[in-house]
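Asks: I'd like to ask you about the structure that follows.
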Protein chains: 2
Amino acid sequence: MQKETSTYLNEVFIQHCRERGLKVTPQRITIYKALAGSTDHPTADFVYRNIHKEHPNISFETVNRTLLKFAETGILDVIESFSGARRFDPNLDSHHHIHCVQCGMIVDFKDEQFNNIQIPKQFKREYKVVSKRVVINVICELCQSK
Amino acid sequence: MQKETSTYLNEVFIQHCRERGLKVTPQRITIYKALAGSTDHPTADFVYRNIHKEHPNISFETVNRTLLKFAETGILDVIESFSGARRFDPNLDSHHHIHCVQCGMIVDFKDEQFNNIQIPKQFKREYKVVSKRVVINVICELCQSK
DNA sequence: TATTATATGAGAATTATTCTCATTTGTCAA
DNA sequence: TTGACAAATGAGAATAATTCTCATATAATA
């Protein structure tokens, strides 16, 4: 990663934290950077293992709690899974998912028409809508070939 | 539940099993009946606790394995959750979900327009599409009032 | 620079899922 | 009907995922 990018990410992140009353700690910066821009919808364990070599002093507990805290404060999203571990998604733009029901792989895709899906009026009254998404459950190429 | 309904369910279920090479056991009949027609998208543990009073000899292990086997053979679906326990859905008709991001409650709804969502062509080549669904993430009334 | 609320790390506890293996039981063919 | 046999079950242990507790450390603020 280039220095400029890294600095920019830091600034964005620090801004995020300030707005939400979160302390800016080295652990949080590391975890945020590990996730920002990624498209692999990782689990807490995956993030932990990714950063562990470079940052052996960051505990799994902190990674997990940080991701949950980030989700709680809207820095990232928890996304759907078919059980197994909880998965996180740093992409907050409206987008949709191809989701392999066998291996769990998730591919993001954009679709303007899907973005414009109108939520039935009756639900808007009863529920506070947080987000909406089209999820296409598939068997991916790799799993098909097995 | 009325006798007719029960008998009908049994017949449908036995048919299901025969077509898929599954043995028809009393445990499977019990588990199927506990689930059929339900709209609460239960976990294995929930199903287990539901039937345990009437059927104390059915183990959790059997409930869980049976539900997975049912999912594998298309008798029911595993549906999305935000982690926690795996959830099952006996409703195989095309439908969509209101999903409370706080308590996990899921409400089914029908929507013809959503059913007719067209999967982008490029994905049809690469992936074997199993199903598709609109998921609306919300905070439900109960959770809002907390 | 001192104070304080928040964050962290370690370890244990809890919850969810899967595995192993001995025993039982549906199913099918004779 | 009755074996034979593959499949299903139950019990217990193992593993995986998540959460809790609490002592210590640290970022933010005045």
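Any read-out appearing in this document is the output of simple, stated calculations on the displayed coordinates, not a laboratory observation. Nothing here was measured: the structure is a model prediction, and the numbers come from that model. Every residue, glycine as well, gets a Cβ built from its backbone with ideal geometry; the counts of neighbours run over all protein chains shown.
Asks: Can you put A:F88, A:F123 in order of Cβ neighbours within 10 angstrom, beginning with the fewest? Display every interim value, and only then the final one.
Replies: Values: A:F88 23, A:F123 14.
In increasing order of surrounding Cβ atoms, one gets A:F123, A:F88.
Asks: Provide, as a two-decimal number, the C-alpha radius of gyration of region B:3-87 over 2.2 N^0.38 Å, N being how many residues it has.
Replies: 1.05
Asks: For region B:93-144, what mean projected area does the convex hull of the alpha carbons give, in nm²?
Replies: Mean projected area of the Cα convex hull: 4.5 nm².
Asks: What are the extents of the Cα atoms of region A:51-128 along their three principal axes, listed from largest to smallest and rounded to whole Å?
Replies: Ordered largest first, region A:51-128 gives principal extents of 49, 29, 23 Å.
Asks: Further question: Under 12 Å from the Cβ of B:E141, count the other residues' Cβ atoms, weight Lys and Arg +1, Asp and Glu -1, and hand me the total.
Replies: Details: positive: A:R125, A:K128, B:K146; negative: A:E126.
Net charge around B:E141: +2.
Asks: So which residue, out of B:E19, B:E126, B:E80, gets the largest mean-square fluctuation from a GNM of chain B using Cα contacts under 10 Å as springs?
Replies: Checking each option, the largest mean-square fluctuation is seen for B:E126.
Asks: Can you give the % of DSSP beta bridges in chain B that are antiparallel, to the nearest 5?
Replies: About 65 percent, rounded to the nearest 5.
Asks: Let me ask something additional. Net charge near B:E112, counting Lys/Arg +1 and Asp/Glu -1 over other residues with Cβ under 15 Å of its Cβ?
Replies: 0
Asks: Got a sec? Charge dipole of the protein assembly as shown, +1 on Cβ for Lys and Arg, -1 for Asp and Glu; which of B:Y127, B:Q113, B:Y32 is way out at the positive end?
Replies: B:Y32
Asks: Please give the per residue volume of the convex hull enclosing the alpha carbon atoms of the protein assembly as shown, rounded to a whole number of Å³.
Replies: Numbers: hull volume 55.3 nm³, N = 292.
In the protein assembly as shown, the Cα convex hull volume per residue is 189 Å³.
Asks: Relative to the longest principal axis of chain A, what angle (0 to 90°, nearest 10) does the C-alpha long axis of helix A:26-35 take?
Replies: Computed tilt is about 40 degrees.
Asks: Per residue and in cubic angstrom, what volume does the convex hull of the Cα atoms of region A:37-94 have?
Replies: Numbers: hull volume 5.1 nm³, N = 58.
Spelled out: Cα convex hull of region A:37-94, divided by residues, is 88 Å³.
Asks: Which angle between 0 and 90 degrees, to the nearest 10, do you get for helix B:60-72 versus the longest principal axis of chain B when only C-alpha atoms count?
Replies: Here the helix axis deviates by roughly 50 degrees.
Asks: So what is the 222 nm mean residue ellipticity for chain A from helices alone, if each DSSP H run of at least 4 adds -39500 (n - 2.57) and you divide by all residues, rounding to the nearest 500 deg cm²/dmol?
Replies: Computed mean residue ellipticity for chain A: -12500 deg cm²/dmol.
Asks: Sticking with this one: Which residue fluctuates most in the GNM of chain B (Cα springs below 10 Å): B:R65, B:R86, B:R125?
Replies: B:R125
Asks: Return an integer: the convex hull volume of the alpha-carbon atoms of chain B, in Å³ per residue.
Replies: Spelled out: Cα convex hull of chain B, divided by residues, is 160 Å³.
Asks: Less than 17 Å apart at the alpha-carbon level, and either on another chain or at least 8 residues along: which lysines does that give for B:K146?
Replies: Once the sequence-local lysines are set aside, what remains near B:K146 is A:K128.
Asks: Could you tell me which residue in chain B puts its beta carbon nearest the axis mapping B onto A, with the distance rounded to whole Å?
Replies: For chain B, the closest residue to the axis carrying it onto A is B:E80, 2.
Asks: Amide H of A:V130 versus every other amide H placed in the peptide plane: which residues, excluding those fewer than 5 positions away on the same chain, fall under 5 Å?
Replies: Residues meeting the amide H criterion: B:N137, B:V138, B:I139.
Asks: What does the charge count around A:T43 come to, taking other residues whose C-beta lies under 12 Å from its C-beta (Lys +1, Arg +1, Asp -1, Glu -1)?
Replies: 0
Asks: Taking the 0 to 90 degree range and rounding to the nearest ten, how far is the long axis of helix A:3-20 tilted relative to the main principal axis of chain A, both from C-alpha atoms?
Replies: Approximately 80 degrees, to the nearest ten.
Asks: If you find the alpha carbon centre of region A:91-146 and of region B:39-75, how far apart are they in angstrom?
Replies: One Cα centre to the other: 28 Å.
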